[in-house]
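Worksheet for the structure shown next.
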Amino acid sequence: MSWWDEIQEKINSGDVLYTPGRGLQRTGKKPFRIISKDLFKLIITSGASNIPLEKQCFDKIEEAFSGNPLLWLRVASLHDREALENSVDKLIREATGSQLARGNYICAILEYCELVRYSMSGNRKGIEWIQGSSNSKPRLPQSLERKKQPSLKGNMAGKEEFNIAIVSDLHLSQGRNPRTRRYNLNEDFFFDGQFDRFLSYLEAESERRSRKWRLIIAGDMVDFLQITRMPNDPGFSLTEREKEYGLGTSLDKTVWKMKVMMDGHWMFFKALGRFLSTGNRCIIITGNHDIEWTVPEQQKAFREEMKKYLPRDTSDGNEVVSSSVEFCPWFYYVPGLIWIEHGHQYDGMNSFDYLLAPYLPNSKELMLPGGSFFVRYLFNKVEQKDPFADNIKPTSAYVRKYWLKLLCSPKIMKHACYFLEILRKIQRFEPEQLEELRQKNEEKIQAEAERFGIDLSKLEAIRKRWVPCFIYNTSKLRNIKYFLTYEAGKTYRKMASVIQKQLGVKYVVFGHTHDADLLLLCSNGKAEYTNSGTWTKIFSSNPAERLLRDEQESVFVQILRDEKDRLELMKWRDDLGRGERVNLFE
């Protein structure tokens, strides 16, 4: 078997490998990821660049060793002169005719596949092949074998050069109408300029600290259900219900809504495009208001649209959006450090029974939870009368306080009756109808376990804590009672403790509640639960709560990757141009 055949067998798209640092010290490791592979090349990403590693590069190195199995090859030549003899870079340039230096990456792949080993000659790093006795493939004596590098299957987030910033619950919807320059009454996000300056701050910190950022949006970046504008020339059919309550959830309609949202928040996405073009990355986690991100075609459409918002001098927009934007349908995880998810799976009003395959049986429409029905058929109409109703949290608090006001509005009562009629018609599905969805959900959970290098049994133990979606699994009366009495805080603190014990991470981060929170999970202070609050405005009718509510807005979680990996819960101060710690009371 040739070296290239072995590489094809052992290397998979999504694998993360590491090049040893100077002197082969493990603290100097530099990560890179396998983006794709075919019969003739691998494509890797390192930093903001995609780099091809052609088959002939590996063939050339194997040929050199075949003629002299005791050969020692220096990995890299100096980049400011001709490639030195007896170097991997020299062989690569001969094989490809390209001056691109790729020796470190190719040697890391060869070592990962146990074909060569790194060694030092003086202060120069090289590779060597010690002939094995069992076959012609080079093998190392057991005493010299180094521990195999872990493959994180796309995690890209081990001890690497990225700091972490986490935001959640932005709830972008239609934004500012480009024609009228006015906001829709359902809009909750008015902070495009502030977010632009926040990203500029992260970029400046990146320069100051010589380390790029991984921006993680932990759910509800977009509120698809609150995008209710109708297209003039849609190219798809519209029902009378859609004309009254907004488009449905088929792919063509959700892509159209996404483009409306991006047009209305052009400043936000131009800032994000600039942020990505400088080598930073963005991970988007699915929330209950943007479950549409679980659909691969929706992700592809977003990447394609994002190219319009990149700086004009971007040389390769395809490369930037493909390597810098990622989607996570459930969670994001860094081994030993952090678990991040939105959190709606522990709230029966907003959970999905099949989160990673959230479709209605035998349909291209999404299987929405009760909270989504409430937004679409009732609360969007309430906001037409009271635009900031959705900014009082929890929503049940608004309903309890202003129920008389709602009853006195004939229009609101009309929509309330229609909402109740929709709930009445919802049927529970038969088990055989759901079997295909259950299987797809399980397959995708297994894929996420492999992607992040998590033991499947541990991930299943967490999944079993999901709360079944009430609207399909409980009585309508229990749905209403739960909505009016639910308090989220204790639920998420308990769940964070469960996850921390399962995975041994230092930090567990949720969003969803819009309440910034910070809590020690163990007495030694070595594990914490954090809630990332929101970037929407939160109101309170109680003057005593207003100070506390102000602390929930424009919140971000920051982790600077150093020997301490310390987490800070911060509030963006636009007047100061920096973040400050969130003030919380015991």
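Which of the residues that make up the stretch 306-334 are surrounded by 18 or more Cβ atoms within 10 Å (Cβ to Cβ) and in a loop (DSSP other than H, G, I, E, B)? Result: L310, P329, W330. Within the stretch 304-326, the set of residues being over 17 Å from M262 (Cβ atoms) and under 17 Å from the mean Cα position of the chain (by Cα) comprises S322, S323, E326. Applying the criterion of being outside any strand (DSSP E or B) and under 16 Å from the mean Cα position of the chain (by Cα) to the residues of the stretch 338-351, the residue that is surrounded by the most Cβ atoms within 10 Å (Cβ to Cβ) is H342. The number of residues in the stretch 2-16 that are more than 11 Å from L110 (Cβ to Cβ), assigned to a loop (DSSP other than H, G, I, E, B) and touching a Lys or Arg at 6+ places or on another chain (Cβ under 7 Å) comes to 3. Is it true that some residue in the stretch 210-220 is buried (at least 21 other Cβ atoms within 10 Å of the Cβ), not small (G, A, S) and not in a strand (DSSP E or B)? Yes, the stretch 210-220 has at least one match. Taking I471, is it at pLDDT 95 or above and buried (at least 16 other Cβ atoms within 10 Å of the Cβ)? No; evaluated as a whole, the condition is false for this residue. Filtered by the rule that a residue be among the charged types (D, E, K, R) and outside any loop (DSSP other than H, G, I, E, B), the stretch 164-209 gives R176, D192, D196, R197, E203, E205, E207, R208, R209.
Here is a yes/no grid of residues against (1) modelled with pLDDT of 95 or more; (2) assigned to a strand (DSSP E or B); (3) touching a strand residue (DSSP E or B) at 6+ places or on another chain (Cβ under 8 Å):
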{"residue": "L484", "(1), (2), (3)": "no, no, no"}
{"residue": "E487", "(1), (2), (3)": "no, no, no"}
{"residue": "D515", "(1), (2), (3)": "no, no, yes"}
{"residue": "L519", "(1), (2), (3)": "no, yes, yes"}
{"residue": "T536", "(1), (2), (3)": "no, no, yes"}
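Residues in the stretch 252-276 that are more than 30 Å from I412 (Cβ to Cβ) and in contact with a Lys or Arg (Cβ under 7 Å, 6 or more places away or on another chain): none.
The values are calculated or read from the model by the stated rules, or taken from the named source; none is laboratory data. This is a predicted model, so every value here is computed, not measured. Cβ atoms come from the backbone with ideal geometry, glycine included; neighbour counts cover every protein chain shown.
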